[in-house]
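Each remark here refers to the structure printed beneath this line.
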């Protein structure tokens with residue numbers, strides 16, 4: 001018997017009770033199942049313009065003709081799309097009165113991650129006395145952005161306030177029918193983020209989904225659209241190191257980034273969704289399409305991801321290097337423990353001349369998990385003098401897990417240069433013993449060694465994010481050796 | 001009255017069913033330097049591993065009393081915190097972990113074991129600087145990963161540096177001299193001699209008499225087939241160098 005969305009819901013319902021949240025399923029929710037009427041209803045409920053409904057419908061019709069791909073090195077029960085509820089208004093969480101009411105397990109995790117008390121309260125919807133402070137922080141934040149002409153808001157707000165911008169770029173990087181899950185997302189996406197950086201503007205702060213007001217939990221079908229106009233720069237943070245327990249089993253998000261001439265976007269993700277229990281029951285399916293278009297001369301995009309959560313992860317943040325001299329980067333640490341499965345990597349498509357890309361992927365597998373790197377480097381005929389360097393390392397903890405590398409390389413001209421390096425190693429008993437002999441406990445030794453292994457990628461993250469990610473790696477691998 | 005710092009009694013140990021230590025006895029007092037010599041495969045490195053707690057080896061009999069405690073019951077990190085140090089014959093590389101971070105974790109873990117607060121960053125860096133100078137590694141460690149890309153000589157000097165940082169009561173040098181040129185050998189020996197006090201002790205495992213010209217032992221032991229077969233003053237090392245080990249084989253049983 002498969003573990004269905006309903007089972008997970010039930011599991012989490014029990015937990016929600018533990019946390020003291022009220023589950024209010026009665027309000028604003030449509031029946032489960034998917035058909036054209038549901039797509040229309042979603043659009044209607046959100047008061048969307050006609051063109052957006054058309055976008056959804058054409059995506060849906062295309063999706064119907066597609067088949068769920070099964071080439072990834074992961075095993076899972078295919079979702080029953082008729083069992084999913086595609087629209088429900090955000091559930092109001094019950095306000096807790098103090099942190100004492102938060103699930104102790106989550107609380108321990110927060111403490112280990114060193115998340116501030118105020119932040120913990122915020123994440124759990126606890127009324128904070130010092131709320132004036134956090135509101136003012138957020139307001140100052142919005143003001144600063146506004147002055148620079150930066151637009152950063154929820155996707156649905158943007159559809160209402162900046163319809164022509166959204167219309168111009170939606171689907172321009174990831175077309176509605178791009179792949180099975182992107183098509184599904186295009187048809188039924190609920191909300192997400194929209195960000196526009198005007199010409200020549202350097203965004204003065206890291207834009208974090210966490211700061212966005214009205215962000216009441218991530219949606220199941222999230223849609224993110226970032227447009228960096230000519231000569232602009234932005235660093236965007238997605239996710240949070242804190243454990244996230246979502247009632248949705250299937251997550252099919254789409255992130256599109258349009259990078260214009262001489263603009264640069266840095267996109268960092270820390271993903272720590274529910275990975276299922278130690279027996280591999282439950283957990284989130286994370287099937288995401290992320291792609292950036294380096295549209296002009298010297299456009300640059302850099303993806304950095306630290307993936308520790310989800311039962312099944314299936315994603316390949318990609319760069320289409322269309323502009324001459326454009327650059328794409330991908331830095332990844334993917335950790336799988338217990339029964340987790342990840343098939344992740346990147347795609348670098350070189351179209352423009354003198355384009356450059358780099359892929360640094362660090363896989364860490366523990367328990368009985370399966371961790372695969374899959375990547376495509378494609379250099380087209382006209383992309384002369386292009387370069388790619390890929391390095392894919394795998395680290396194994398224990399002897400029951402798997403690490404796999406599937407590199408695909410297609411080069412169609414003679415002036416380009418592509419390098420691929422790969423290593424697989426086991427965390428050494430001798431390394432652990434060496435640390436222990438110096439007085440470092442086994443657990444700390446593993447954390448040191450793993451963080452050292454992932455250093456190159458962690459260094460790419462914004463400072464405070466990196467510190468949290470480091471702790472997260474240690475916590476994820478706790479008890480994996482020995 | 002001299003106080004024993006470590007006392008090893010009737011120690012038997014094996015690896016994968018293969019008996020290596022066969023009733024090893026040794027007592028070392030505070031302030032003493034002992035040397036162990038002997039042919040390859042007689043169990044010298046095994047002894048070092050067993051004392052420091054490498055679980056590849058199984059102790060089947062005997063005890064190791066260190067500072068009044070039977071340390072065979074402690075984990076390797078606890079033994080280290082108690083004051084046992086092993087300078088590895090083959091120091092291990094840990095890519096991506098800087099020497100600074102590594103030593104900070106080590107020093108502070110040991111402090112924590114003794115109920116002390118972590119060392120302040122400033123004091124720690126000062127200590128790092130001071131101890132690097134001792135083995136002439138100034139500025140060469142801080143930002144590099146532990147032993148990664150180090151020459152053989154640098155690795156051995158790094159071991160002595162770490163020893164200086166942790167200031168152990170008892171240190172085992174497992175063939176620290178192997179692969180060192182004469183200059184590096186002098187640096188290592190000088191480091192050890194500087195650290196040597198009336199309160200701490202050393203066990204020097206070596207094949208060559210030349211190290212003992214620089215680190216003068218109080219006793220030289222000859223190990224053969226898993227136990228000590230002969231003990232003498234430092235001159236014994238010279239005798240061994242001249243005659244080799246064959247003449248000793250008759251003395252066992």
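The values are calculated or read from the model by the stated rules, or taken from the named source; none is laboratory data. Source: prediction; values computed, not measured. Ideal geometry is used to build each Cβ from the backbone, glycine not excepted, and the neighbour counts take in all protein chains shown.
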Q | Filter result (in contact with a strand residue (DSSP E or B) (Cβ under 8 Å, 6 or more places away or on another chain) and within 13 Å of chain A (Cβ to nearest Cβ)) within the stretch B:144-157 | A | B:144, B:145, B:146, B:147, B:148
Q) Inside the stretch B:21-61, can you point out the residues that are over 24 Å from residue B:232 (Cβ atoms) and either away from every other protein chain (no Cβ under 14 Å) or assigned to a strand (DSSP E or B) (or both)? A) B:58, B:59, B:60, B:61
Q | Count - residues of the stretch B:179-209 that are more than 21 Å from residue B:84 (Cβ to Cβ) and not in a helix (DSSP H, G or I) | A | 5
Q: Sort out which residues of the stretch A:332-380 are within 30 Å of residue A:397 (Cα to Cα) and surrounded by fewer than 24 Cβ atoms within 10 Å (Cβ to Cβ), and write them in order of number.
A: A:337, A:338, A:339, A:343, A:347, A:358, A:360, A:367, A:368, A:370, A:374, A:376
Q: Scan the stretch A:381-396 residue by residue and report those that are within 17 Å of residue A:455 (Cβ to Cβ), surrounded by fewer than 22 Cβ atoms within 10 Å (Cβ to Cβ) and out of contact with any helix residue (DSSP H, G or I) (no Cβ under 9 Å at 6 or more places or on another chain).
A: none
Q | Number of the condition not met by residue A:279 [criteria: (1) surrounded by 23 or more Cβ atoms within 10 Å (Cβ to Cβ); (2) more than 20 Å from residue A:469 (Cβ to Cβ); (3) at pLDDT below 90] | A | (1)
(Q) For the stretch A:183-194, give me each residue that is modelled with pLDDT of 85 or more and either more than 16 Å from the chain's Cα centre (by Cα) or more than 21 Å from residue A:228 (Cβ to Cβ) (or both). (A) A:183, A:184, A:185, A:186, A:187, A:188, A:189
Q. Which of the residues belonging to the stretch B:75-130 are assigned to a loop (DSSP other than H, G, I, E, B), surrounded by fewer than 17 Cβ atoms within 10 Å (Cβ to Cβ) and more than 9 Å from chain A (Cβ to nearest Cβ)?
A. B:114, B:115, B:116, B:117, B:118, B:119, B:120
Q. Looking only at helices (runs of 4 or more DSSP H) that fall completely inside the stretch A:407-467, which ones have 2 or more residues that are over 26 Å from residue A:73 (Cβ atoms) and within 14 Å of chain B (Cβ to nearest Cβ)?
A. A:429-437, A:442-453
Q. In the stretch B:210-237, what residues are touching a strand residue (DSSP E or B) at 6+ places or on another chain (Cβ under 9 Å) and part of a helix (DSSP H, G or I)?
A. B:211, B:212, B:235, B:236, B:237
Q. When only residues in the stretch A:282-330 that are touching a helix residue (DSSP H, G or I) at 6+ places or on another chain (Cβ under 6 Å) and crowded, with 24+ Cβ neighbours inside 10 Å count, which is nearest to residue A:255 (Cα to Cα)?
A. A:289
Q) Could you say which residue among A:298, A:347 is at positive phi and in contact with a strand residue (DSSP E or B) (Cβ under 9 Å, 6 or more places away or on another chain)? A) A:298
Q. Of all residues in the stretch A:141-174, how many are assigned to a loop (DSSP other than H, G, I, E, B) and either at pLDDT below 90 or touching a helix residue (DSSP H, G or I) at 6+ places or on another chain (Cβ under 8 Å) (or both)?
A. 3
Q. Does residue B:141 satisfy being more than 11 Å from chain A (Cβ to nearest Cβ) and buried (at least 22 other Cβ atoms within 10 Å of the Cβ)?
A. yes
Q: Could you grab me the full set of residues in the stretch B:12-48 that are buried (at least 17 other Cβ atoms within 10 Å of the Cβ) and either in contact with a helix residue (DSSP H, G or I) (Cβ under 7 Å, 6 or more places away or on another chain) or without any contact (Cβ under 8 Å) to a residue 12 or more places away in the chain (or both)?
A: B:13, B:20, B:21, B:24, B:35, B:36, B:37, B:38
(Q) Taking the criterion of being outside any strand (DSSP E or B) and either more than 16 Å from the chain's Cα centre (by Cα) or within 13 Å of chain A (Cβ to nearest Cβ) (or both), would at least one residue in the stretch B:170-178 satisfy it? (A) no
